[in-house]
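What follows is calculated from the coordinates using simple rules that are stated; it is not laboratory data. Remember, predicted model here, so these are calculated numbers, not experimental data. Note that we place each Cβ from the backbone using ideal geometry, even for glycine, and neighbour counts take in every protein chain shown.
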Amino acid sequence: TGEQPSTGGEATVDVIYSATGPMPMLLSTDQIDGYMAWQPFVAVATVSGIGKVVSYSQDMPPAGMWTDHTCCAFAARTDIMQERSDLVNALSALTIAANDYIKQNPDKAAELSADWLYGKDDMTFGNVTVNSVNVLKASIPTLKFTSDPSEAWIQSNDNFVVSLRELGYITGSLKDADPATVNSELFDFGPYEQAKAMLANGSITTPANAGTIALGYLPSDHHAALFVAVKDWQYFNDTYGIALKPASEGSGAVDTADLIVNGEKVATVKLVKGEGGSQLMTLAAQDTIQFAFVGTPPAITAIDKGTPIKILHPLQTEGSGLVVSADAPANDWQSFIAWAKQRAAEGKPLKIASPPKGSIQDVQLRAALGDSNVVVNEAQ
Amino acid sequence: MELNVEHISKSFVTSKGERVDALGDVTFTIRDKEFVCIVGPSGCGKTTLLRIIAGLDTPTGGKAELGGKEIVGPSPKMAMIFQEYSLYPWRTVLDNIAFGLEVQGVEKEARYAAARKYLHLVGLDEFETSYPYELSGGMRQRVAVARALAVEPEVLLMDEPFGALDAQTRNAMQTELLEIWEKTRKIVIFVTHSVDEAVFLSDRIFVLSTRPSNIREIVDVPLPRPRDRTSVEFAQVRRYVLALIQNTGESSQ
Amino acid sequence: MELNVEHISKSFVTSKGERVDALGDVTFTIRDKEFVCIVGPSGCGKTTLLRIIAGLDTPTGGKAELGGKEIVGPSPKMAMIFQEYSLYPWRTVLDNIAFGLEVQGVEKEARYAAARKYLHLVGLDEFETSYPYELSGGMRQRVAVARALAVEPEVLLMDEPFGALDAQTRNAMQTELLEIWEKTRKIVIFVTHSVDEAVFLSDRIFVLSTRPSNIREIVDVPLPRPRDRTSVEFAQVRRYVLALIQNTGESSQ
Amino acid sequence: MRKYLKIVLPIILIFGWETVAILLNNPFILPRIEAVVAVLLEPTKNILGSGSLLEGAGLSLYRVLLGFLTAAAVAIPLGILMGRYPTVQDLADSVIQLLRPIPPLAWLPVALAWFKIGLTSIVFIIFIGAFFPILLNTVAGVKGVNRTWLETATVYGASERQIMTKVVLPAAAPTIWTGLRVSLGIAWQCVVAAEMLPGTTSGLGYMIMAAYNLGQMQVIIAGMIVIGFISLVLDALFREVEVRMFVWQGRYQ
Amino acid sequence: MRKYLKIVLPIILIFGWETVAILLNNPFILPRIEAVVAVLLEPTKNILGSGSLLEGAGLSLYRVLLGFLTAAAVAIPLGILMGRYPTVQDLADSVIQLLRPIPPLAWLPVALAWFKIGLTSIVFIIFIGAFFPILLNTVAGVKGVNRTWLETATVYGASERQIMTKVVLPAAAPTIWTGLRVSLGIAWQCVVAAEMLPGTTSGLGYMIMAAYNLGQMQVIIAGMIVIGFISLVLDALFREVEVRMFVWQGRYQ
Ligand SMILES: Nc1ncnc2c1ncn2[C@@H]1O[C@H](COP(=O)(O)OP(=O)(O)OP(=O)(O)O)[C@@H](O)[C@H]1O
Ligand SMILES: Nc1ncnc2c1ncn2[C@@H]1O[C@H](COP(=O)(O)OP(=O)(O)OP(=O)(O)O)[C@@H](O)[C@H]1O
Ligand SMILES: [Mg+2]
Ligand SMILES: [Mg+2]
């Protein structure tokens, strides 16, 4: 470990891979100059006053490239899609309905998410204590909750395939595949269409009993659809006739829920909290989980390695950001790059923390810095 | 019942692969109810000889017979008291004495009754529920003796049982052992380094030579019991055996 | 140089908080170059007495003086040989013998020269570079003796040094010790359980009583050296001391 | 006096902590004691949606005990077999030596693949940590059984089963117990790793890692203190049982 | 014969593994042996962008040794002081007992806050794991130093410093060495936890966790095998040194 000196006259930035949890601490103890993270860690910085946002992910360069950029999606194993399409369609429908709910009730969604993720607890960041509900109220509006696999969204995924190839993270079946093959490998929008149709009809077809299934997700408000669907299950039951009823009441995360369609229990759903998208993909490969809420890049790399899953439709887009400390001389991307160049010239290149290699945030940060002619060094 | 040892020899192969001839060619006969002591230089094979008689080791050559039957393994007819303390520290005194009977499947009541009898014989009644660590060295060896007697063996093998005791306790134990032996009358083979002890206790003393050892001489002790250590006859036998030993050990190391 | 012990008493408080009176009131004088043996029942305080003389323990009452000066702590004038083996197993025989001199800051060459001299005296020249584990029990005690002699003390305190040896080795060691003592001539205080040993070695035998102990009797041994264990005079002294001890110990436990 | 000493350092540390915390004024690096105490004082309050400290402690205790007991149930019989029969030892040894150094954390993926999400995986990780200390101590304990105790049993004609239950097990019990004590401590060390498994949303280990992922120092430190404290209490319980169960060792007064 | 036995179980396991792997046909649950061997056979190939197996092993070894040596450098002097002076022991004991059971993983956030991103934090986590076994063994070793050895030195007038360097240290050395050996194994167990720290993108532990996140079971298992193997080799080295350094214990032939 240790920093390498900046090379030549080029501007460099050191990227430090880290779990997101310690990032606010690292920032406020001057161990890093900024971090690129998913929500609600961007909101954590602004609400607690530790840092400020340089750029939300959709605004990062190259200009226009990241508008509506892909983020998390609903994915399922191909075998269950073939054998139990009724179940897959029903779950898709619930997800779509939940996304509508969030769009209509962002504050309620923030509260339910804060309940799931933090038990609505206060959080302490150094000298500042903030309420998690407030953090999420700041965070939820910066996300775009949509279930629509639009052309732009597909294009954004294709952009990621290109970036991941360039970074050397794609080595398998997608390495040399043409765009059409890539898309047919990655996506299956059938369940989305069916779900839309059922919602439009106002009735969900009751699937046959499926025993116990498992759905993986990550502790981020990107997956608020799951949180609202479970925490306000009564609403979904009453409105759509489909619900995930938690096995036990109380605050905090729920690990088991009953899938109820038209008043009938269809399946026991284990809700598996993972640590990262790639970990969820491993679980899917082992058939430990059959469904996942997961970032599309981990799904892409997993499909590339032969994991039998398909991406069904998005959960949300955008939702990450680059944060620097509150007193940093950077307020937007331009001034950030100027700062980075100045610090590189002083021989003290900026240290920016990022989630693991190949994550959306990693790919975006590298691409944006590259576009601004800044070389990325990996701290070892 | 007689005990015959016929041309017994025993060699060991050490971990280094060297051969150690412990016993060369040992032959003797012990008469019924006889008390015999074995003396000899350290490392000459006394313990080995006892172990072979007890059936714990097999001889390289020759055989041992008890009552005309060859000894091929441990048998309830023989009890051995080891050189080191061998009481089970997790058992009370009474349970230690009852061990042999327990192993033989004797009922609880019966074995405790027998154990109490021998506990009384060695004069430790009040220590029935004590653990070994609460006893002095001398008391422990008395418990070991009681345990051995409790199974009512034909032969009692004792490997330097009083070696670790101080002079006084040792003398007292010798007197006690003789009293017990007189009451129960079995063959006793008693290994010791102390010529004094050997002369005080035994009917005959077997003097072993250095390795590979055999019987150098068998000394009769014709004195009536109880014997007086300070008598001239006692000193005579003692002097004779000491001289024998002194000539036996070429080296003192 | 004389050693005086005046009205020494010593009490311990055990971990349970009970008081044990080890030494009651002990007074004696040892003359220059005298060889004295101390005998007495187990636990009567022999080791305690030696430790007080060596300056390792302080008496509860009274005092010990060497050459008229009160003993308040360990001094290079005295060397002690402990009841247990006390060689340093990680040092070779030569380094063990040189230990006392090394501690006193004697130069390497000088201390090895001195150590070799005493190594020769105890007849172990060829074991110079051996480690203690490679020696038999008797050889180890000889090394301990050499180590004690090497610092050329005025007083040599020996606590049952030959207790763990077999009869033969023990006899040989006694003879050797006397030879060394005759060559170097210092005060020797020798604790033993063996009356035989005491009679063979010493000018006078101090017989201690049971706890809280004091000197029961001091027995002169007027026999010329080398002594014959099998002689009638030897047996007489032996018998006398044995009788004294037998009466001393009321209990044999 | 000694009792006071024991609390001197903790008190100094607490004062030092608070002073440094005030001077640093950076709760990220060192939160004030109040912040941690505030967490500890509300053990029934839900923390960050991962249950209360009390629930977490209870759940982790349950998991640790389950893993620990499973490990004991496998390791003790296997250890006894390995200690008593060289064949079994030879069979198992190479695999055990290779598996032993592998960190519990490295087993996470394997646990998940084999035992799927749920209690079994968690228990498996704790099992892995607890298994080897128990196994190694059991083997050592059984191998260390005094040969004389075994041969005594043989002399009295004990069967292999009797030797196992009446000699080997009681004799090895103290060593096995030590293994259990050490291993329970290690089982606690594994609970954080075990509760990192996906699908886990409760337990002290989970709470610590969740707090880590949310940057909540005061919760982490509170969690560490609770783990330290529970381990202390369990260790004290084990010692207590040890003192009662193994009085016969005569070590405790 | 015994040698063959040692490879029987590994062979069975390998066959069993391969059979199950073929039947399961899911490399995410159990990869084929070929896949693991392929990883092991190309130790210089970059794996998952986290460096090659060889680099990872080298780097982890470096970190482990650094943490281990630091732990030794602190724990041994502290342990000696605690073992020799009850005051120091009383002072430090309660804090040590509380800190000991806290899992290395739980220290991650603390390490990060105190030692910042970088080598120091990693070394600290390993330090935590390695520290306590060394400390406890050193204390035990120093406390276990034969009282007679200490008193012998006192009798010869050794100063406290001389007693430390010439008696306490050499006498406690074998126990301390055992502590070091155990602790090096534990240090390896901590490397995975340590390499989970932010800013780390290399080392065997990192590689295992990265492979875990990417579902590369063959890399995980290869990493586990390499860790197991390095530990085995280090352990063998320690034993080798032990045999050479501590010949004087007379245990090894
Ligand atoms: N299992 C063994 N392997 C190798 N050599 C052995 C073994 N048992 C005994 N010996 C050797 O056989 C010889 C006789 O040993 P034994 O124990 O019978 O002597 P001993 O007369 O009882 O000695 P002591 O008086 O010291 O008890 C010794 O040289 C000893 O080293
Ligand atoms: N440190 C101590 N604390 C308490 N009691 C002690 C201590 N040291 C010795 N004693 C007691 O003082 C008495 C005398 O002990 P000492 O070791 O001097 O006897 P001894 O005559 O040398 O016995 P032995 O012949 O068995 O060596 C014993 O009863 C012993 O229990
Ligand atoms: Mg013997
Ligand atoms: Mg004594």
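For segment B:8-83, the set of GluC sites (Glu not before Pro) satisfying both a DSSP loop assignment and a count of at most 14 other C-beta atoms within 10 Å is given as B:E18. GNM remark for chain D: springs join alpha carbons under 10 Å apart, and the peak mean-square fluctuation among D:I80, D:I122, D:I29 falls on D:I29.
Across peptide E:190-202, the average count of Cβ atoms from other chains found within 10 Å of a residue's Cβ is 6.
Residue by residue along A:22-30, Cβ atoms of other protein chains within 10 Å of the local Cβ number 6 on average. Each of E:L136, A:L350 was scored by other Cβ atoms within 10 Å of its Cβ. Arranged with the fewest first, they read E:L136, A:L350. Dipole size of segment B:84-152 about its Cα centre, with +1 on Lys/Arg Cβ and -1 on Asp/Glu Cβ: approximately 100 debye, rounded to the nearest 20.
Of the residues B:M158, B:V106, B:I38, the one whose Cα sits farthest towards the positive end of the charge dipole of chain B is B:I38 (charges of +1 on Lys and Arg Cβ, -1 on Asp and Glu Cβ, taken about the Cα centre). The protection proxy used here, the mean number of other Cβ atoms lying within 10 Å of each residue, ranks peptides C:230-242, A:200-212 as follows, highest first: C:230-242, A:200-212. Candidate cross-link partners of A:K341 among the lysines, defined by an alpha-carbon separation under 29 Å and a same-chain spacing of 8 or more, comprise A:K52, A:K351, A:K357, E:K116. For the protein assembly as shown, the Kirkwood hydrodynamic radius from C-alpha pairs, put into Stokes-Einstein at 4 °C and a viscosity of 1.567 mPa s, yields a diffusion coefficient of 35 µm² per second.
Each principal axis of the Cα cloud of segment D:90-136 was taken in turn, and the coordinate range along them, longest first, works out to 35, 18, 17 Å.
Among the residues of A:282-295, the average count of other protein chain beta-carbon atoms within 10 Å of the residue beta-carbon is 4.
Taking the Cα centre of segment D:51-249 as origin and assigning +1 to Lys and Arg Cβ atoms and -1 to Asp and Glu Cβ atoms, the resulting dipole is close to 240 debye. On the basis of the beta-carbon distance and an R0 of 22 Å, D:M164 and D:V243 show a calculated FRET efficiency of 0.30.
What FRET efficiency comes out for the pair D:K45/D:V74, r = Cβ-Cβ distance, R0 = 45 Å, nearest 0.05? For D:K45 and D:V74, the calculated efficiency is 0.70.
For chain A, the longest principal axis of the Cα atoms and the long axis of helix A:190-201 meet at an angle of about 60 degrees. With each label point set 7 Å from Cα along the Cα-Cβ vector, what nm distance links E:L24 and B:E2? According to this spin-label approximation, the distance is 7.3 nm. In chain C, the calculated helix contribution to ellipticity at 222 nm averages -10500 deg cm²/dmol per residue, counting -39,500 (n - 2.57) for every DSSP H run with n ≥ 4. Label positions at C:S11 and D:N146, each projected 7 Å from the Cα along the C-beta direction, are separated by 3.6 nm. Between exposed GluC sites (Glu not before Pro) in chain A, where DSSP calls loop and at most 15 other Cβ atoms lie within 10 Å, what's the longest gap? With GluC sites (Glu not before Pro) excluded where exposed in loops, chain A gives A:11-248 as its longest stretch. Dipole check for segment C:1-153: with +1 at the C-beta of Lys and Arg, -1 at the C-beta of Asp and Glu, and the Cα centre as origin, the magnitude is about 140 Debye. When you filter the GluC sites (Glu not before Pro) in segment C:86-138 for DSSP loop state and at most 12 other Cβ atoms inside 10 Å of their Cβ, you are left with C:E107.
How big is the shadow of the Cα convex hull of segment B:78-159, averaged over all directions, in nm²?
4.8 nm²
As I understand it, the value is the acute angle between the Cα axis of helix C:108-121 and the longest principal axis of the Cα atoms of chain C; what does it come to in degrees, rounded to 10? Once rounded, the angle reads 60 degrees. Label separation (B:H120 vs D:L13): 6.1 nm, computed from points 7 Å beyond Cα along the C-beta direction.
Got a sec? Charge dipole of the protein assembly as shown, +1 on Cβ for Lys and Arg, -1 for Asp and Glu; which of B:T27, E:A193, A:V261 is way out at the positive end? Final value for the positive-end residue is B:T27. Centre-to-centre, using Cα atoms only, segment A:132-152 and segment B:178-226 are separated by 101 Å.
Based on DSSP H segments of at least four residues, each scored -39500 (n - 2.57), chain D has a per-residue ellipticity at 222 nm of -25500 deg cm²/dmol. Footprinting exposure proxy ranking of E:V233, B:V5, E:V191, fewest other C-beta atoms within 10 angstrom first, gives E:V233, B:V5, E:V191.
Between A:T171, B:P132, B:Y118, the Cα set farthest toward the positive side of the dipole of the protein assembly as shown (charges on each charged residue's Cβ, about the Cα centre) is that of B:Y118.
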